[in-house]
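Engineer: I have a structure I would like to understand better, so I am pasting it below and will then ask my questions one at a time.
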Amino acid sequence: MIQGIFYARFFPKEGTKIVAQSPPGCIVPVPVPGASTTKPPLFDYGVLQEYIIPRQAFCNRYITVADPEGKYFVLGLPVSIPSPRYYRNEFIFNFGLVVENDVDQVPYERVVRRLAVTFAEMEKQSGFLSQDVNANENQARRPIQSLLEIIKEDLNNYGECMIPVDDANTINMKLFPHHPTPPEVKGWHVPVAKMKFADVVDPAWDLTLQRVITHIDGVSDVRRIAFLADVSLELTQLALRHLLYYDTILLLDMFFFGACYAPRPGMHDFIANVGGMVDECANYVCVGASTEQQAAAAGAAGSSAGEGGGKGAGQQHGNDHCDDHDHDHADEDDNNNNNNNNNNNGNDRNEPTTTTTHGHRVSNYMLIKLMTTFCVGKTVTEWLKGHMDGGFDVLRFVDVRRLVQFGVIKGCLYRVHKHVVSKQYLAALATGQARPVAGGDPLQKYTDGCHTFDQIITERDLTDSEIMGKLKSFPAPAGDLTVLYR
């Protein structure tokens, strides 16, 4: 948001002077009739005065200056117009904006440049600025003070402005949000929608984009989405990168029961339930019991409808690390998932779950225990077995994939990737002797430590166990290969 806007001019005798400002007093104090005190300016003008109208070398350049306290930035583009009609043969002015230090300055840079270019052309054509202080000022045009007030209010409230200056000139500006360049989308990434595309999709959208977004379910990787949408992988990646640019999706890693996850500093907020994070997690990951389980627990549950919805963790492509029993549970839970907004906290440590009329809701204590027991060196399968051996049937009440996904999105967990490194291959790369060998092992190019197992799984159509089996027969000296977790 624009905190202040000003027009400064260099006078041959007075020096740099603020001719107009909005709001009044934001740059230099302005006495208010009838008021005992005046509102202090945003920054010390005396300190930054030499940067408002800088030396000749900085004129006609976009500059940003921070105030001494670091609260605000002054954005400006001092303009110098050489001409023999001016005293000292040049006219110097600057239209500047004052924004807070944490505001993205990129959208406002275009506004500053537009103001400088527009008023420079108007000055060259009709002497618009140099005649502004004359007594015989043209009454048909709008005063600069009024222009600045309208520009500030319109840009802050509407993000755009269209202001007629006089009969021949109009100021048209718009604030365009700045989006950083999105990262590359790889075939092993899993896109997760941050909005309901069905509510916003339009028939006029790109046909490839329409076919791709129908398969974004938070489970399928990019390669599978390309296959299901019958679109080339390159076009699918381009479409997803377009969605990533507008912050409508986020990218996660593929979920495997053989993968490892470890806690991040965000786990402290989860344990403290900052902003109701644990309750949000419960609404996202808890699932209801199946029909058989309802019958077995008929004395304890009146109605058992699950929370969270979506596919169970056992249905993720490539999950060869979970036994058939786990898959059966995940499939049963997937067929019985329904959405609800359960607000039961369930903090009793002696009761891992709470049965309500809406279904099973895992207690906050149990959710925190589940989330905090992920660690390096322990796969999801081992984590799951540990809790089930401890007496808690995780698959009955929790969608494991959703639990892991929630932890990654909220910054509570991170994926520990597997990399394979060949000392011999690294030495060949370092000396420039590595050459592709016809008929050689296809896994050799992945043994430089820069490729994750997810990439190998996606590009070679192999499971984790198949990769480990091929590495055991890899043509390399004993002890040459090392599998790293990082």
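Engineer: Hey, got the dipole for the range 354-486? About the Cα centre, +1 on K and R Cβ, -1 on D and E Cβ, debye to the nearest 20?
Structural biologist: Dipole about the Cα centre, nearest 20: 340 debye.
Engineer: Do any GluC sites (Glu not before Pro) in the range 1-86 lie in a loop, going by DSSP, with at most 12 other beta-carbon atoms within 10 Å of their beta carbon, and if so which?
Structural biologist: 14, 69
Engineer: P(r) of the range 405-486 in 5 Å steps, Cα pairs, percent per bin?
Structural biologist: 3, 13, 22, 23, 17, 10, 5, 4, 2, 0
Engineer: Suppose the chain between residue 1 and residue 184 were pulled fully straight at 0.36 nm per residue; how much longer would it get relative to their current alpha carbon spacing?
Structural biologist: Once the chain is fully extended between residue 1 and residue 184, it gains 62.7 nm.
Engineer: About the Cα centre of the range 204-287, how large is the charge dipole given +1 on each Lys and Arg Cβ and -1 on each Asp and Glu Cβ? Please answer in debye to the nearest 20.
Structural biologist: About 180 debye.
Engineer: In what sequence, largest accessible area first, do 214, 373 appear using a 1.4 Å probe?
Structural biologist: 214, 373
Engineer: For labels at residue 389 and residue 150 in the simple 7 Å Cα→Cβ model, what's the distance in nm?
Structural biologist: Output for this residue pair reads 7.6 nm.
Engineer: Let me ask you something else. Expressed as a whole number of Å, what is the distance separating the alpha-carbon centroids of the range 370-387 and the range 149-225?
Structural biologist: 39 Å
Engineer: Length gain on complete extension for the stretch residue 245 to residue 88, per 0.36 nm per residue less the alpha carbon to alpha carbon distance?
Structural biologist: Fully extending the segment from residue 245 to residue 88 adds 51.6 nm.
Engineer: Which FRET efficiency value, to the nearest 0.05, do you get for residue 102 and residue 193 by plugging their Cβ-Cβ distance into 1/(1 + (r/R0)^6) with R0 = 30 Å?
Structural biologist: 0.55
Engineer: To the nearest 20 debye, what is the magnitude of the charge dipole of the range 36-164 about its Cα centre, counting +1 on the Cβ of each Lys and Arg and -1 on the Cβ of each Asp and Glu?
Structural biologist: Magnitude of the dipole: close to 500 debye.
Engineer: Here's a follow-up. What is the Rg over Rh value, at two decimals, for the range 173-233, using alpha-carbon atoms and the Kirkwood definition of Rh?
Structural biologist: Answer for the range 173-233: 1.03.
Engineer: Same structure again: Cβ under 14 Å from residue 180's Cβ, residue 180 left aside: what net charge do those residues give with Lys, Arg +1 and Asp, Glu -1?
Structural biologist: With Lys, Arg at +1 and Asp, Glu at -1, the neighbours total -2.
Engineer: Here's a follow-up. Would you mind calculating the gained length between residue 28 and residue 369 on full extension (0.36 nm times residue separation, minus the Cα-Cα distance), in nm to one decimal?
Structural biologist: Extra length available between residue 28 and residue 369 comes to 116.9 nm.
Engineer: Residue 228 label point, 7 Å along Cα→Cβ, cut-off 14 Å on backbone N: hits in the range 254-288?
Structural biologist: 255
Engineer: Probe 1.4 Å, all protein chains in place: accessible area of residue 154 in Å², nearest 10?
Structural biologist: Its accessible surface works out to 40 Å², give or take rounding.
Engineer: Still on this structure, please answer the following. Tell me the label-point distance for the pair residue 459, residue 55, using the 7 Å Cα-to-Cβ offset, in nm and rounded to one decimal.
Structural biologist: For residue 459 paired with residue 55, the spin-label model returns 5.3 nm.
Engineer: Kindly state, to the nearest 0.05, the FRET efficiency for residue 162 paired with residue 217, given R0 = 35 Å and r defined as their beta-carbon distance.
Structural biologist: 0.20
Engineer: I would also like to ask the following. Within the set of other residues whose C-beta is less than 14 Å from the C-beta of residue 156, count the net charge using Lys and Arg as +1 and Asp and Glu as -1.
Structural biologist: -3
Engineer: Using only the Cα atoms of the range 223-271, build the gyration tensor, take square roots of its eigenvalues as a ≥ b ≥ c, and label the shape rounded, prolate or oblate: rounded if a/c is under 1.5, else prolate if a/b is larger than b/c, else oblate.
Structural biologist: Because a/c hits 1.5 or more and a/b fails to exceed b/c, the range 223-271 counts as oblate.
Engineer: My understanding is that a pair violates if its Cα-Cα distance is over 21 Å; which of 445/472; 13/152; 39/152; 423/445; 378/418; 71/152 do that in this structure?
Structural biologist: 13/152
Engineer: Express in Å², to the nearest 10, the accessible area of residue 196 obtained by rolling a 1.4 Å probe over the protein heavy atoms while all chains stay in place.
Structural biologist: 150 Å²
Engineer: Could you report the accessible area of residue 92 in Å², rounded to 10, computed with a 1.4 Å probe on the protein chains as they sit in the structure?
Structural biologist: Ignoring ligands and nucleic acids, residue 92 comes out at about 10 Å².
Engineer: Let me ask you something else. Which whole-number percent is the relative contact order of the range 23-83 (Cα, under 8 Å, 6+ apart)?
Structural biologist: The normalised contact order for the range 23-83 reaches 25 percent.
Engineer: Let me ask you something else. Taking a 1.4 Å probe, which of 232, 130 shows the most accessible area, and what order do the others take after it?
Structural biologist: In descending accessible area the options line up as 232, 130.
Engineer: For a quick check of your reading of the filter: which chymotrypsin sites (Phe, Trp or Tyr not before Pro) in the range 52-118 sit in a DSSP loop and have no more than 15 other Cβ atoms within 10 Å?
Structural biologist: 62, 86
Engineer: Suppose accessible area is computed on protein heavy atoms with a 1.4 Å probe; arrange 179, 419, 242 from highest to lowest.
Structural biologist: 242, 179, 419
Engineer: Let me ask you something else. For the range 71-124, what relative contact order do you get, as a whole percent, if you take Cα pairs closer than 8 Å and at least 6 residues apart?
Structural biologist: Relative contact order here is 39 percent.
Engineer: Can you give me the distance in nm between label points at residue 174 and residue 64, each placed 7 Å from the Cα along the Cα-to-Cβ direction?
Structural biologist: 2.4 nm
The values are calculated or read from the model by the stated rules, or taken from the named source; none is laboratory data. All values derive from a computational prediction rather than experimental measurement. Because the Cβ atoms are built from the backbone with ideal geometry, glycine has one as well, and the counts that use them run over all protein chains shown. Side chains are part of the model used for accessible areas, which takes the heavy atoms of the whole protein and leaves out ligands, DNA and RNA. Shrake-Rupley method; radii C 1.70, N 1.55, O 1.52, S 1.80 Å.
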